[in-house]
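These notes are about the structure you will find just below.
Any read-out appearing in this document is the output of simple, stated calculations on the displayed coordinates, not a laboratory observation. Keep in mind that this is a model prediction, so the values were computed, not measured. Note that each Cβ is placed from the backbone with ideal geometry, even for glycine, and that neighbours are counted across all protein chains shown.
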Ligand SMILES: Cc1ncc(COP(=O)(O)O)c(C=O)c1O
């Protein structure tokens with residue numbers, strides 16, 4: 001029925017499974033096999049799957065009628081809850097996907113500054129659309145190149161791409177082009193590629209250089225938002241952007257995204273800058289956001305998630321060591337990246353993983369066979385629903401998977 005058998009190309013590399021049910025930290029496939037889930041739908045199921053509070057709120061909302069082409073009180077409650085949770089932004093708009101929310105922020109940055117250029121970083125991900133799904137052109141310092149056939153070449157002419165965490169490259173580009181740069185967009189933690197942390201002071205540096213040149217700083221918090229702290233990476237690192245995007249962990253699995261920020265920028269949406277969407281701020285989306293944020297603020301889970309993630313990372317290291325497998329883990333406990341290295345012992349580093357990239361997807365496949373559901377690209381997401389029992393069971397299953405994997409290694 002579907003090209004490649006999937007509805008998102010990100011799933012092409014995943015082991016093929018049909019899941020019949022998902023609840024809490026577990027998934028069950030059509031054959032009745034149980035999995036402990038560390039993919040969480042690519043992040044959204046931060047509260048675990050089918051959280052009863054969120055499900056009830058969404059069901060009640062849909063009973064009242066889904067979309068009206070006007071406002072509903074639930075929408076305002078969700079917006080208020082989001083602004084209160086994040087603290088720094090003054091206004092917010094809802095969208096359906098993170099890709100769209102990113103587009104809105106790029107447009108706002110250009111509209112506010114009257115400048116054409118956007119600076120983004122290598123190996124980050126900001127959605128699949130033509131003007132931002134780019135990499136650095138081979139041999140170029142900062143020119144963008146497309147990533148897919150069919151991409152409109154002109155769409156990314158105004159995008160610069162430089163390595164992340166590279167203060168010198170950034171400073172040099174701003175010296176040459178600063179007066180043309182409308183905005184800088186960054187994942188505050190490079191979750192989409194190795195869960196690499198910003199170098200000490202790098203986000204602050206971006207804050208300062210954008211202020212100095214009158215450019216807009218955009219944090220793409222689609223993964224980090226509501227996951228690494230209630231106030232996202234902005235809170236974790238104490239750096240306030242001008243605009244930010246959210247999605248995933250914000251709504252217990254419901255498809256909704258948002259962009260938020262300074263009032264003078266956001267207000268442009270009501271003053272000529274086009275942002276629209278039939279399903280934006282639907283009653284269900286609003287209910288999902290408000291109920292998720294209610295759960296997250298009433299009983300903040302961040303310490304628990306951190307403890308679980310740390311214990312999981314520690315356990316994975318011991319299992320790897322016991323089988324003499326080089327396993328590199330890096331990131332933060334709430335979302336970390338695993339890769340198989342050619343060395344013999346596990347370690348955590350601050351840099352980009354140097355790994356044997358073809359090996360990890362094989363391990364991910366064996367993990368799935370043993371009942372541990374993880375992404376082939378290496379990211380592990382922890383939810384608030386994971387329990388001490390899950391931890392123990394996960395490490396038993398990982399142990400079996402690693403034993404098989406180690407046996408099959410050349
Ligand atoms: C940092 C980041 N930005 C934007 C997106 C795009 O969001 P969506 O898949 O909801 O369009 C993603 C998706 O994974 C993401 O990780």
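If the viscosity is 1.002 mPa s and the temperature 20 °C, what translational diffusion coefficient in µm²/s does Stokes-Einstein give for region 214-255 when Rh comes from Kirkwood over Cα pairs? List each step's numbers first, then the result.
On the way: Rh = 10.5 Å.
After rounding, the answer is 204 µm²/s.
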remark   = In whole angstrom, largest first, the equivalent ellipsoid semi-axes that the Cα gyration tensor gives for region 87-245 are 22, 18, 16
query = What is the Cα convex hull volume of region 228-336 when expressed per residue in Å³?
reply = 144
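Among the DSSP beta bridges whose two residues both lie in the chain, what percent are antiparallel, rounded to the nearest 5?
Antiparallel bridges make up about 65 percent of those DSSP assigns within the chain.
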Projected-area mean, the chain, by convex hull of Cα positions, square nanometres = 20.4
note = Label model pair residue 264, residue 279: point-to-point distance (7 angstrom along the Cα→beta-carbon line) in nm is 3.6
note = Under a Gaussian network model of the chain whose springs join Cα atoms within less than 10 Å, the largest fluctuation of 220, 396, 168 belongs to 168
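Take 82, 40, 395 and order them by how many other Cβ atoms sit within 10 Å, fewest up front. Mind showing how you got there, number by number?
Values: 82 22, 40 29, 395 17.
The fewest-first ordering by Cβ neighbours comes to 395, 82, 40.
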remark   = To the nearest 0.05, the calculated FRET efficiency linking residue 392 and residue 342 through their beta-carbon distance, R0 being 22 Å, is 0.15
Between region 254-306 and region 57-78, the alpha-carbon center distance in angstrom = 14
request  = With springs connecting C-alpha atoms under 10 Å apart, model the chain as a Gaussian network and identify which of 44, 255, 52 has the largest mean-square fluctuation.
outcome  = 52
task = Per DSSP H run of n ≥ 4, the term is -39500 (n - 2.57); total these for the chain, divide by its residue number, and report the mean residue ellipticity at 222 nm rounded to 500 deg cm²/dmol.
result = -11000 deg cm²/dmol
message = Based only on other Cβ atoms within 10 Å, what is the fewest-to-most ordering of 170, 269?
response = 269, 170
ask   = When Rg is the radius of gyration of the Cα atoms in region 73-116 and Rh is its Kirkwood radius, what does Rg/Rh come to?
value = 1.05
Extension gain, residue 137 back to residue 271 (0.36 nm per residue minus Cα-Cα distance, nm) = 44.6 nm
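Starting from the Cα gyration tensor of region 1-59, multiply each eigenvalue by 5, take the square root, and state the resulting semi-axes largest first in whole Å.
Details: eigenvalues 98, 40, 26 Å².
So the three semi-axes of region 1-59 are 22, 14, 12 Å.
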task = Determine the gain in length on full extension of the stretch residue 90-residue 306; use 0.36 nm per residue of separation and subtract their C-alpha separation, reporting nm with one decimal.
result = 74.9 nm
ask   = Stokes-Einstein at 25 °C, 0.890 mPa s, Kirkwood radius from Cα pairs: D for region 283-329 in µm² s⁻¹?
value = 186
ask   = What FRET efficiency, computed as 1/(1 + (r/R0)^6) with R0 = 51 Å and r the Cβ-Cβ distance, is obtained for residue 175 and residue 322, rounded to the nearest 0.05?
value = 0.50
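I'd like the antiparallel share, as a percent to the nearest 5, of DSSP beta bridges with both residues in region 218-307. It would help to have the intermediate numbers written out before the result.
Numbers: 4 of 8 bridges.
For region 218-307, the DSSP antiparallel bridge percentage is about 50.
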request  = Kindly put 83, 325, 274 in sequence by how many other C-beta atoms sit within 10 Å of each C-beta, fewest to most.
outcome  = 274, 83, 325
inquiry  = Cut-off 10 angstrom, C-alpha nodes, Gaussian network model of the chain. Which of 317, 87, 328 fluctuates the most?
reply    = 87
key: Residue list for region 39-67, given a label point 7 angstrom along the Cα-to-Cβ vector of residue 298 and an amide N cut-off under 12 Å   = 52-57
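Taking every pair of distinct Cα atoms and averaging 1/r, then inverting, what Kirkwood hydrodynamic radius in Å comes out for region 42-151? Numbers along the way, then the final one.
Working: mean 1/r = 0.0569 Å⁻¹.
Final number for the Kirkwood radius of region 42-151 is 17.6 Å.
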